[in-house]
1. Sequence neighbours fewer than 8 away in the same chain don't count; with that in mind, list the aspartates and glutamates whose C-alpha is under 15 Å from LYS25.
2. Cα convex hull of the range 4-190: mean projected area in nm², to one decimal?
3. Which value in deg cm²/dmol, rounded to the nearest 500, describes the helix-derived mean residue ellipticity at 222 nm for the chain, given -39,500 (n - 2.57) per DSSP H run of n ≥ 4 and division by the residue count?
4. For the chain, what is the percent of antiparallel DSSP beta bridges, rounded to the nearest 5?
5. As an exercise, identify the chymotrypsin sites (Phe, Trp or Tyr not before Pro) in the range 112-192 lying in DSSP coil whose Cβ has no more than 16 other Cβ atoms within 10 Å.
6. Can you sort THR27, THR47 so the residue with the fewest Cβ neighbours within 10 Å comes first?
7. Could you calculate, for the range 122-192, the ratio of the Cα radius of gyration to the Kirkwood radius, expressed as Rg to Rh?
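Read-outs: derived from the displayed coordinates by stated rules, not from any lab. The structure presented is a predicted model; accordingly, all values stated were derived computationally and were not measured. Glycine also receives a Cβ, built like all others from the backbone with ideal geometry; neighbour counts cover every protein chain displayed.
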Amino acid sequence: MLRPYGLLPMTPKLLVLSAPSGAGKSTICNMLLERNPDFRLSISATTRAPRGSERNAVEYFFLPEEEFFAKVENNEFIEYAEVHGHYYGTLKASVEALLRQGFTVLFDIDVIGALNIKKQYPEAILIFIRPPSQEELIRRLKNRKTESEAQIQKRLERLPMEYEKADYFDYQVVNDDLLSTVVFIEQLIRKR
């Protein structure tokens, strides 16, 4: 079967994208999913409340903290971490099921979670998405209108740690043009 834009199917992989908030990671993930029918998004579990129109088991598995930590105790997560005051984690069973079905599993997670996945799955491809500049990142965060100034500041305070962890990723890509960034990522992963 020919894929959109003439791309050929590939063997299932774990593709992990991380970025500072506002760098365009979720938009890139959505485009990769649209363009690659053999990709599936790993849905993370989180203790945070849904935002806007987010739905349970679609964008996230929204769990109360007690249930989340019961899953931690039962070793049901590949990785989990606290991010911006809430817990997020990747459920092993979901990822393994997608791989068995022949899908490349796409992760949209923070840098700590990405590095934890790499420990358990050394073949995972880690890509860190960088914004063109800090000024552009701030502009994007403010234009989203989903966080308060205090929340934006909290996200910006994570930048030094995120950039330090990015040095351990397989690739770092600057998202200065969305389509070019997506095509470049597709080319990177097909080489592996």
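1. GLU34, GLU59, ASP108, ASP110, GLU136, GLU162, ASP176, ASP177, GLU186
2. Numbers: hull surface 42.0 nm².
Here the figure is 10.5 nm², rounded to one decimal.
3. Values: 8 runs with 80 residues, N = 192.
So the calculated ellipticity at 222 nm is -12000 deg cm²/dmol.
4. Working: 8 of 26 bridges.
Once the DSSP bridges in the chain are tallied, antiparallel ones form about 30 percent.
5. Values: sites: PHE128, TYR163, TYR168, PHE169, TYR171, PHE184; in loops: TYR168, PHE169.
Answer in residue order: TYR168.
6. Working: THR27 15, THR47 20.
By the 10 Å Cβ count, ascending: THR27, THR47.
7. Values: Rg = 14.0 Å, Rh = 13.7 Å.
Expressed as Rg/Rh, it is 1.02.
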